[in-house]
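The values are calculated or read from the model by the stated rules, or taken from the named source; none is laboratory data. Given the structure is predicted, the values throughout are model-derived calculations rather than measurements. Backbone-built Cβ (ideal geometry, glycine too); neighbour counts: all protein chains shown.
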Amino acid sequence: GPKGVINDWRKFKLESEDKDSLPLSKKEILRQMSSPHRSFSKDDKDTRERFCRKMSMQEYELINDEKEDESCLQKYRKRCMQDMHQRLSFGPKYGYLCELQNGEQFLEAIEKERKTTTVIVHIYEDGIKGCDALNSSLTCLAAEYTTVKFCKIKASKTGAGDRFSDEVLPTLLIYKGGELLSNFISVSEQFNEEFFAVDVESFLNEYGLLPERELPALGNVNTDEQDVE
């Protein structure tokens, strides 16, 4: 909640301050701000009330000192972005278009993944219009959406070639938790004569089949310092 965010910011600020450059009074203020749950005895109620009033004024002035806090605040925001990125990225990573060799691998790719993992399978054959372009597009998307498992398999290797005749290729099958979410036959007909990864991405996003695009890589500490004037 908001209090948790404020307390986290206080702790980050305390850790980021150059302790040698702070006057003693300011160090104490920051220390107390980073420990908001300081306990007081029942006999010290008046002291507690005076302390809280004093801290509220000093805390306000300290946090709202824009010149002093700008650099620290930017670093804090970047750290929050990194933390969020790690939480969103929790789980297996793929990053490539996997070639399945037979029907057994096809079933394993669907049934042995986490329930939260989206599995996109392209059924294709060589020489079929749109199949090569779709494979190239999915290769690009696999690098962009590394938490999605992208696979391809020739129709003749699925063990159910009669169900995937040339007329229905290329076919896209999307699974999650072992269940078929969507089935797009002759999917290249949805695009122009020449299409690219961005077109396939837009198509899949229309059906809500892709997660949020991953955040770009964030700079290290040295980069942070260069970014902040």
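Is it true that some residue in the range 190-201 is in a helix (DSSP H, G or I), at pLDDT 95 or above and under 18 Å from the mean Cα position of the chain (by Cα)? Yes, that holds for at least one residue.
Within the range 114-152, restricting attention to residues that are assigned to a loop (DSSP other than H, G, I, E, B) and of a type in the set (Asp, Glu), the residue that is surrounded by the most Cβ atoms within 10 Å (Cβ to Cβ) is Glu125.
Exactly one residue out of Glu167, Glu125 is at pLDDT 95 or above and either of a type in the set (Asp, Glu) or farther than 16 Å from Gln101 by Cα (or both), and it is Glu125.
Within the range 153-167, being in contact (Cβ under 8 Å) with a residue 24 or more places away in the chain and in a helix (DSSP H, G or I) holds for Ala155, Ser156, Lys157, Asp166. Leu180 passes every criterion in (1) of a type in the set (A, V, I, L, M, F, W, C); (2) free of Cβ contacts under 8 Å to residues at least 24 places away in the same chain; (3) farther than 20 Å from Glu206 by Cβ apart from (3).
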